[in-house]
Amino acid sequence: MPRSPSNPQLVLRPQDLVVLLRLALDPGHPPSYAALGAELAITASEIHAAVERVVAAKLASKRHDGRPSVVLAALSAFVQHGARYCFPATQGGFSRGVPTGYAALPLSERILPGNDPPPVWPCKKGTSRGIAFYPLYPSVPDAVERNPALGELLALFDSLRGGNAREQALAMALLEERLQP
């Protein structure tokens, strides 16, 4: 029986979106792969692989100097229409952690908390207690401690993938504001 050819289909990984959102914060001056790796607690080689995947997916391009440049319109469309389906929310039980979704900035300034425990990224250093809402990548709670602006983008994305319709609409509007050129 003949062997079937392997499937060379590109598959984006959750850390690719973390890298993309981080790069979107500095559109003119992207940090080196080593600096990104240190900030995100992802190896430089995995940062490189993530960049190659998002370039192949046309969510970013390479500049003349070889550094990545996020295609903000494509990223915004992907986050709104695809990413929340590619990376659905995964929740767990009661946990200590870092607030996310509506419980984190910037939504926490606009949405009053209800009686339910808030969503949190499980983390031993976390100061809040709530329902575990697993981040896109395990190192996210540490990375957002080093970069609060990235934390806001990731918390907004968590509202898109796990919030109610009102939270999703508000989160998308705030993400679009932040992803403007």
Q: Read phi for every residue in segment 46-63 and hand back ³J(HN,Hα) as whole Hz from Karplus 6.51 cos²θ - 1.76 cosθ + 1.60, θ = phi - 60°, with x for Gly and Pro.
A: 6, 4, 4, 4, 4, 4, 4, 5, 6, 5, 4, 7, 6, 8, 8, 9, 9, 6
Q. Near Ala149, within a Cβ-to-Cβ distance under 14 Å, what is the net charge of the other residues, with Lys and Arg +1 and Asp and Glu -1?
A. -2
Q: Figure the gain on full extension for Arg178 and Ala34 (residue separation times 0.36 nm, minus the Cα-Cα span) and round it to one decimal in nm.
A: 49.4 nm
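With N denoting the number of residues in the chain, provide Rg(C-alpha) divided by 2.2 N^0.38 Å, to two decimal places.
It is 1.06.
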Q) Under a 5 Å amide H to amide H cut-off, with H placed in plane at 1.01 Å, what residues pair with Ser128 once short-range neighbours are removed? A) Gly97
Q: Go ahead and estimate [θ] at 222 nm for the chain from helices alone: -39,500 (n - 2.57) per DSSP H run with n ≥ 4, summed, over the residue count, rounded to 500.
A: -12500 deg cm²/dmol
Q) To the nearest 10 degrees, how steep is helix 148-162 against the longest Cα principal axis of the chain, on a 0 to 90 scale? A) 80
Q. For Val140, what charge total do you get from the other residues with a beta carbon under 12 Å from its beta carbon, if Lys and Arg give +1 and Asp and Glu give -1?
A. -2
Q. Expressed as an acute angle from 0 to 90° and rounded to the nearest 10, what is the orientation of the C-alpha long axis of helix 165-178 relative to the principal long axis of the chain?
A. 50
Q.
Defining a contact as two alpha carbons under 8 Å apart and six or more residues distant in sequence, what relative contact order in percent does segment 89-178 show?
A. 32
Q | the chain, relative contact order [Cα under 8 Å, separation at least 6], % | A | 22
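With the Cα gyration tensor of segment 24-106 giving a ≥ b ≥ c as the square roots of its eigenvalues, does the rule (a/c under 1.5 for rounded; else a/b larger than b/c for prolate; else oblate) give rounded, prolate or oblate?
The shape class here is prolate.
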Q) Say the dipole of segment 89-178 comes from +1 at the beta carbon of Lys and Arg and -1 at that of Asp and Glu; which of Leu150, Gly114, Ala132 then lies farthest toward its positive end? A) Ala132
(Q) Regarding segment 89-178, what's the average projected area of the Cα-atom convex hull, expressed in nm²? (A) 5.2
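None of the figures in this text is laboratory data; all of them are computed from the coordinates on show. In this text, all values refer to a predicted model and were calculated from it rather than measured experimentally. Counting neighbours? That spans all protein chains shown, and the Cβs are built from the backbone with ideal geometry, glycine included.
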